[in-house]
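Below: one structure, written as structure tokens.
The values are calculated or read from the model by the stated rules, or taken from the named source; none is laboratory data. Here the structure is a predicted model, which is why all the values come from computation and not from measurement. Neighbour counts run over all protein chains shown; Cβ positions are idealised from the backbone, glycine included.
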Amino acid sequence: MHAVTNPNSRPPQPLAPHRPVLPGTAIGGPSGPLFAFSPAYQGQHSHQNASANIPDTLNCAVWVRNLPPDVTYHELLSTVRHIGRVWCSYINEPDYIRHTTAAAKIVFFRPVAAQRYLVHINSMRPAIRGFAVRVAYNRVKIPAQPDHNTNHSRCILVTGTKAFARWANLEAWFQRLFVFQVDEA
């Protein structure tokens, strides 16, 4: 038997035991302790990846659902225009067992942008290719990103000859150096 895999997807990670990240990081709830990670989380169980113990009003992360199964980052990020700076985003493809639509996590630099996005989506009810976008705070809470001085940026400026500064050349070069996402090329 041969497995069919998507060559663009990351290899599955082994499931780690569900436990608090550090002693004292679990918080109590009506049904018992809630831990910093969902049982379905397959990433690295580290302090940096744990949910912050903050109220929703300070949460910069939102969960966007009911997206087209093949939604692109360009389509996803088009719903964020003029809302606020995005720290990171990740699209979860449907599994076609429990979910037939895609979902995505968007993390803004500041909680006010997440609040603005929630108001925007819930009042405007935008759709992507006929799929009505839904949004809520992400249950894995992310606090505001620290302020950086003006010498730091999440943008790059590329200079060089026209022969080198073509997208095909830059894309191949970037792929050797780091993982990245492109909104518009």
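Every residue, every condition in (1) modelled with pLDDT of 90 or more; (2) of a type outside the set (S, T, N, Q); (3) in contact with a Lys or Arg (Cβ under 8 Å, 6 or more places away or on another chain); (4) in a loop (DSSP other than H, G, I, E, B), yes or no:
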{"position": "Arg139", "(1), (2), (3), (4)": "yes, yes, no, yes"}
{"position": "Asp147", "(1), (2), (3), (4)": "no, yes, no, yes"}
{"position": "Thr150", "(1), (2), (3), (4)": "no, no, no, yes"}
{"position": "Val158", "(1), (2), (3), (4)": "no, yes, no, yes"}
{"position": "Lys162", "(1), (2), (3), (4)": "no, yes, no, yes"}
{"position": "Ala165", "(1), (2), (3), (4)": "no, yes, no, yes"}
{"position": "Val182", "(1), (2), (3), (4)": "no, yes, no, yes"}
{"position": "Ala185", "(1), (2), (3), (4)": "no, yes, no, yes"}
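In the stretch 82-103, the residues that are without any contact (Cβ under 8 Å) to a residue 40 or more places away in the chain and over 23 Å from Met124 (Cβ atoms) reach residues that are of a type in the set (S, T, N, Q) and surrounded by 12 or more Cβ atoms within 10 Å (Cβ to Cβ) with C-beta atoms within less than 6 angstrom, at least six apart or across chains, in these pairs: Pro94/Thr101. Of all the criteria given as (1) crowded, with 16+ Cβ neighbours inside 10 Å; (2) under 18 Å from the mean Cα position of the chain (by Cα); (3) modelled with pLDDT under 75, the one not satisfied by Trp63 is (3).
A quick yes/no check of all residues on (1) touching a helix residue (DSSP H, G or I) at 6+ places or on another chain (Cβ under 9 Å); (2) of a type in the set (D, E, K, R); (3) within 27 Å of Leu58 (Cβ to Cβ):
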residue	(1), (2), (3)
Val71	no, no, no
Ser89	yes, no, yes
Glu93	no, yes, no
Val107	yes, no, yes
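Can you find a residue that is touching a Pro at 6+ places or on another chain (Cβ under 7 Å), part of a loop (DSSP other than H, G, I, E, B) and crowded, with 18+ Cβ neighbours inside 10 Å anywhere in the stretch 80-95? For the stretch 80-95, residues touching a Pro at 6+ places or on another chain (Cβ under 7 Å), part of a loop (DSSP other than H, G, I, E, B) and crowded, with 18+ Cβ neighbours inside 10 Å: absent. When Ile106 is tested against (1) β-branched (Val, Ile, Thr); (2) at pLDDT below 95; (3) surrounded by 13 or more Cβ atoms within 10 Å (Cβ to Cβ), just one condition goes unmet, and that condition is (2).
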